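Worksheet: one structure, shown below.
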Amino acid sequence: MEKIEITLNINDKPCEVRVFPNDTLLEVLRDELDLTGSKESCGEGVCGSCTVHMDEKPVRACLTLAMEATGTRIKTVEGLANGDDLSDLQQSFIDHGAVQCGFCTPGMLMSADALLNENPKPDEKTVRMALAGNICRCTGYAKIVEAVGHAGNPQDHCPDCKTKE
Amino acid sequence: MRLPRFDYLEPENLKGALDLLSTHRDDAKILAGGTDLLVRMKKGLLKPKVLISLKALNELSYINEKNGYIKIGARTPIADIVASGLIKEEAHALFQACEKIGAVTIQHYRGTIGGNILQDNRCHHYNQSEFHRSGHQPCHKDGGKICYAREEADRCNSTCQSDGATALMALDAKITLSKINGERTVDLADFYTTDGIMPFAMESHELLKEIIIPVQIAESAYQRLAYRSAIDYPIVCAGVLLKRSDTQKNEIDDARIVVGAMGRSPLFLAQASFSLKGKKLNDTNAFKKAADASMDNASTFAVHNVGSTLEYRCAMVSQMVFQALKEAAQAAVAAKG
């Protein structure tokens, strides 16, 4: 078995990598390209911490072969911010205290980002449905749901949104 | 977790895929979305030498209606089925089932309807890591001679936990299997062996190509019970179809009750279904009786192997069937207008 050269389009940059057929997208991102934002937790598609976008749709990087990802546009959590300029969603996570240990956060951000691209002002139920495939073991879903709902959409009644200004 | 080694092949069209499949047969597995296959491979339950990817086969991704039949390509992503107005309107049970498969971010964009039907049977003694399984003798499904789910069972008692298959069987769907020199169409209900080790009556060189649902003047509904509304597999689920009589508008002409996650395949319960014939659409008592009969019939197949206790799952069969029947009947009354 030998490595195969493929080109992946990651965060709008073409990346040439040599991969084994049994390498998952997550392994290539983390081990070959040093994009360690996406985390491996369960490794079997349950927890959601490895979520990345393929053609703007959230998918599990741990259950996607690198070979299958050729010809698609991949966006990882590193692609959310514009340089040092955090996206509204990322800033909202910080403002609302939605990050505890932080291990689920990259996955949460990617699932939420896909939702917000489709629906910029989701209600609570929609947010909870969109994040249903991401597990946080620090117990803090309430803050995360709030942060997603208020991202780029600050609420007058929310003290966390006010501190931003 | 690393995947075991394999060769990756990417045929350009259906013919290419069938060619490769007939060459490699048992050594090959078809990779569509991979959300079930790759998990099993990571756990060492499956070690195919070759994976044949359907990535380039866009010809197998479609939903259309022709001559009274809805046809769905086997590689159609779950998300496309959930988004389809046609499915929501004409095959409501399938819409409800697909909506509840796994979680949006896991299955809906990568996972396919074909993969959902062909997801392997599960058992909480079998679907474990290699390390866990190395601690005791292999079970029937793992190549051994023991069943941990039911004492002294001489065969595998794994459970089919597919949401899609349960709903499709209630809708009386057929499936088309392709191979290199021809294809055949079978009723989904006849597609299952009673063997938990290889639950599907298909050859190693056959490929699931299409799902065919007859459009009927009928209402369908699907109900499922799981620990967590997302991610988890159902521990009990039920799909029903109620057909109204042409002459007596508030009478049931025909019914189909299918219970999933209880046996080695989704269970079409003929006796319970037949008991609803000629009953009124608002006859809650008849629904209750049919639901109880479903519970009695389905319970004989179940073993304690997918989480929750057997007693609870059996009791909930009746609830799931009853709720699904009530929902379908309400829809039928509303449709009558």
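The numbers here are math on the coordinates, done by the rules we state, and not lab data. All figures in this text were calculated on a predicted structure; none of them were measured in a lab. Reconstructed Cβ throughout: ideal geometry from the backbone, glycine too, with neighbour counts over all protein chains shown.
Quick notes on this structure:
- Legend: calculated FRET efficiency, residue B:282 to residue A:142, from the Cβ-Cβ distance at R0 = 45 Å, rounded to 0.05, equals 0.60.
- Placing +1 on the Cβ of every Lys and Arg and -1 on the Cβ of every Asp and Glu, with nothing else charged, gives the protein assembly as shown a dipole about its Cα centre of roughly 1260 debye.
- Remark: the stretch B:1-56 carries a charge dipole of roughly 360 debye about the Cα centre, counting +1 on each Lys and Arg Cβ and -1 on each Asp and Glu Cβ.
- Based on Cα contacts under 8 Å between residues 6+ apart, the stretch B:1-56 shows a relative contact order of 56 percent.
- What you get for chain B, charging only the Cβ of Lys and Arg (+1) and of Asp and Glu (-1), is a dipole of about 500 debye around the Cα centre.
- The convex hull built on the alpha-carbon positions of the protein assembly as shown has an orientation-averaged projected area of 25.5 nm².
- The calculated FRET efficiency for residue B:27 paired with residue B:311, based on their beta-carbon distance and R0 = 41 Å, is about 0.45.
- Residue order, fewest to most surrounding Cβ atoms within 10 angstrom, among B:320, B:198, A:67, B:262: B:198, A:67, B:320, B:262
- Among A:69, A:79, A:14 - extreme Cα towards positive end, dipole of the stretch A:4-79, charges at beta-carbon: A:79
- Here's the picture: charge each Lys and Arg Cβ at +1 and each Asp and Glu Cβ at -1 in the stretch A:88-159, and of A:155, A:135, A:145 the one pushed furthest to the positive end of that dipole is A:135.
- Among A:54, A:129, the order by Cβ neighbours within 10 angstrom, fewest to most, reads A:129, A:54.
- Förster radius 30 Å - calculated FRET efficiency between residue B:292 and residue B:330 (Cβ-Cβ, nearest 0.05): 0.90
- Between residue A:3 and residue B:58, the distance separating the two model label sites (each 7 Å from Cα on the Cα→Cβ line) works out to 3.2 nm.
- Global geometry of the stretch A:7-153, whether rounded, prolate or oblate, following the gyration tensor of its Cα atoms and the 1.5 cut on a/c: prolate
- For the stretch B:1-56: rounded, prolate or oblate by the Cα gyration tensor [a/c cutoff 1.5]: prolate
- Relative exposure of B:246, A:95, B:253, judged by other C-beta atoms within 10 Å (fewest first): B:246, B:253, A:95
- Inter-centroid distance (Cα atoms) of the stretch B:298-325 relative to the stretch B:22-97, Å: 27 Å
- Largest GNM mean-square fluctuation across A:111, A:41, A:49, computed for chain A with C-alpha springs under 10 Å, falls on A:41.
- Separation of alpha-carbon centers, the stretch A:95-152 and the stretch A:58-94, rounded to whole Å: 14 Å
- Peptide A:61-71 has a mean shielding of 5, counted as Cβ atoms of other protein chains within 10 Å of each residue's Cβ.
- To the nearest ten degrees, helix B:310-336 and the longest principal axis of the Cα atoms of chain B are 60 degrees apart.
- Over chain A, relative contact order from alpha-carbon pairs under 8 Å, at least 6 apart, %: 22 percent
- Sparsely packed loop sites in the stretch A:90-165 (the trypsin sites (Lys or Arg not before Pro) outside DSSP H, G, I, E and B with at most 16 other Cβ atoms within 10 Å) comprise A:137, A:164.
- Comparing B:131, B:106, B:81 along the charge dipole axis of the stretch B:80-135, the residue lying farthest to the positive side is B:131, per the Cβ-charge model.
- Highest mobility in the GNM of chain A, judged by mean-square fluctuation with C-alpha springs under 10 Å and restricted to A:24, A:76, A:51, is found for A:24.
- Per residue of B:227-234, other chain Cβ atoms within 10 Å of the residue Cβ number 3 on average.
- Extension reserve of the residue B:83-residue B:46 stretch, reckoned as 0.36 nm per residue once the Cα distance is removed: 10.1 nm
- Top of A:146, A:68, A:27 by mean-square fluctuation, Gaussian network on chain A, Cα under 10 Å: A:68
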